[in-house]
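> Got a structure here, written out as structure tokens. Questions coming.
Readers should treat all values here as calculations from the given coordinates under stated rules, not as data from a laboratory. Being a predicted model, the structure only gives us computed values, none of them experimental. Positions of Cβ are backbone-derived with ideal geometry, glycine not excepted, and every protein chain shown enters the neighbour counts.
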Amino acid sequence: MEAETRRIRRFGRHTRDGDTLLPLHASSSTTHHVSNTISCWYCDYKISYFNQPLFQFGRRHARFLRVWFSIGVGFALSAMLGVTLILLWELARALHLCGGGNKLGNVARNLLFGLPPSVSGFSLSLADAGYICISTIISVFVHEFGHAVAATSEGIQIEYIAIFIAVLLPGALVAFNYELLQTFPHSTALRVYSAGIWHNAVCCAACGLALFLLPLVLFPFYSSGHGPMVLDVPTTSPLSGYLARGDVILSVDNVPITNAREWLELNTLTYNIQLKNINISQHTRDFGVVNKGYCVPSFMMKESKVTELPKNQHVCPSELTAFLKVLCSANITLDNGQTETDLSNSKWPVYCLNAKNVVKLNKCGDDWGLATTEGSGCTCSQDEFCLAPVQEPGMVWVEIAYSSPYHRCLHERNRFPVSETSGLKETDCGGTFIFVGDVISMAHSIQLTSYHPRWGVEVVAYFPHLLERILIWTFHVSLALALLNGLPVYFLDGESILDAALSHFTSISQRKRKKVLRLCLLGGLVIFIICFFRELL
């Protein structure tokens, strides 16, 4: 019983959980290839059906596999060194021993816990939870397959592969003869112990390559580079009623968008730029104006309701939008004798206009998107003035252009009512509308895909998005699994790798080696716990 416990502890490979706990009761199924163990806090499912096929595969390709897993030893040792440095860096930040921006800390956190950058700061959806489950199954399978093949290539027979749940924590392991492995050279043990981490790294590389080649692979059935297509717009999204399934987003603030990633990046960058400009605006403490305006003819300004904007008050009716003259860097003195000093006072002329009519006009100002646009600049025609919308703190004015599928063009007007304040510019197949609010939350509120099906079957439009998300999540979960198992802590691969590395690369006595190993593992565990709970608090 003691030997069995030690063997499972040393060779149990599970994602990020603790040790494999000793079962209280075991029962076998009707076939000898499958058995299970059940207790009040532990249950597992052992499979021995693949023992012989894996052993034959490992022995048949033993020469190549030894070279393959020898490369994995170098990667596993490098990963252990790298993740140890990350832990030490996080410990130094926790103890305020060194500075450092949050950016590096966020990167380290995402790497260790398998979160893609797009999820940071946002709660996981039910779909993301499903992707995590699928990617975890794939990553654990790849990890355990590495250990199994490495052992069989050295001539070690597998006893079983087990999937278990210990105290509600899932895991997996490959069990084989520990005493037999001790009779092999230490380099053999290193190859076997490092195989799981190495295979997770290869899985990450395969996912990255698949994502890079995905447009080419899907080319016969899907097209890309024409703008992200809307897959779903929840009713809770601020874009509900303006975008629908099948619409294609063309541009944001006149900047063309070709894929879903650019949609998120451009909205984030637009948000940061406009908020920065609003914060440095000298117009008022309560409202802000950016240099993103429209060339409004003088007759529209005369017909508009001109008033003065007091502090903390909106003077325009709900169906109209407040506009101010843009203060351009090349034109400090504005028309009508107004100067920058006048605009810094508590009151200034405001023009209440219909946004639906304004967005049809030529653009002016210096803050239109991130690219040079036709008609941009501070100069309008002789009888026009550059007016920009008034924005409250935290609110960003964004112009979004989209197109609709041809078969829905005739039903476009019936799809949603055109509000007087929506700023919608109607076209035959799509249009342009204005969004005012938090663009980062808005950008994440809809589901997009960069691939358009070549045939009009809406169901197949979800396949590239599904495949892309599984690849992205598998990349991050597999990377997290590799780094976590590289930690020099108890009960993970790092313990066995460090033990084998000390035996192989040092000549110290066994007694001293065990003390050094115990000290390193205890220190690594304490640092990891400190960093883990620091992130939770």
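> When the chain is fully extended, how far beyond the present Cα-Cα distance does Ser125 get from Val460, taking 0.36 nm per residue of separation?
Length gained between Ser125 and Val460: 118.4 nm.
> Turning to a different aspect of this structure: Using each residue's phi in the range 433-446, evaluate 6.51 cos²θ - 1.76 cosθ + 1.60 at θ = phi - 60° and report the 3J(HN,Hα) Karplus result to the nearest Hz, with x for Gly and Pro.
Result, rounded to whole Hz: 9, 9, 10, 10, x, 7, 6, 5, 5, 4, 5, 8, 7, 10.
> Further, regarding this structure: If we count other beta carbons within 10 Å of each Cβ, what is the order of Cys204, Cys133, fewest first?
Cys133, Cys204
> Using a simple spin-label model with points 7 Å from Cα along the Cα→Cβ vector, what separation in nm is obtained for Cys429 and Leu519?
Between Cys429 and Leu519, the simple spin-label model gives 7.3 nm.
> Would you list His452, His186 from fewest to most Cβ contacts within 10 Å?
His186, His452
> Using 0.36 nm times the number of residues separating Phe141 and Asn354, minus their current alpha carbon distance, what extension gain do you get?
Difference between extended and current length: 70.7 nm.
> Now for a different question. How much FRET efficiency would the formula 1/(1 + (r/R0)^6) give for Glu392 and Ser298, where r is the Cβ-Cβ distance and R0 is 35 Å, rounded to 0.05?
Taking R0 as 35 Å, the efficiency between Glu392 and Ser298 is 0.80.
> Would you please give the FRET efficiency between Ser70 and Thr258, computed as 1/(1 + (r/R0)^6) with r the Cβ-Cβ distance and R0 = 41 Å, to the nearest 0.05?
0.45
> By counting other Cβ atoms within 10 Å of each Cβ, how are Arg245, Arg511, Arg60, Arg93 ranked from fewest to most?
In order of increasing Cβ crowding within 10 Å: Arg511, Arg60, Arg245, Arg93.
> With a Förster radius of 30 Å, plug the Cβ-Cβ distance of Arg60 and Phe505 into 1/(1 + (r/R0)^6) and report the FRET value to the nearest 0.05.
0.45
> Right, something else. Which cross-chain or sequence-distant (5 or more) residues have an amide H under 5 Å from the amide H of Gly365, H modelled 1.01 Å from N in plane?
For Gly365, the qualifying residues are Gly293, Gly377, Cys378, Thr379.
> Right, something else. Want the number for Leu467 to Phe184: 0.36 nm per residue separation, take away the alpha-carbon distance, what's left?
Details: separation 283, 0.36 × 283 = 101.88 nm, distance 4.24 nm.
Extra length available between Leu467 and Phe184 comes to 97.6 nm.
> Between His96 and Glu265, what is the spin-label point distance in nm, taking each point 7 Å from the Cα along the Cα→C-beta axis?
Between His96 and Glu265, the simple spin-label model gives 3.8 nm.
> So the label point goes 7 Å from the Cα of Leu213 along Cα→C-beta, right? Which residues of the range 457-498 then have their backbone N under 13 Å from it?
Once the point is set 7 Å along Cα→Cβ of Leu213, nothing inside the range 457-498 turns out to lie under 13 Å by backbone N.
> Let me ask something else. How far apart, in nm, are the 7 Å Cα→Cβ label points at Leu169 and Ile47?
2.4 nm
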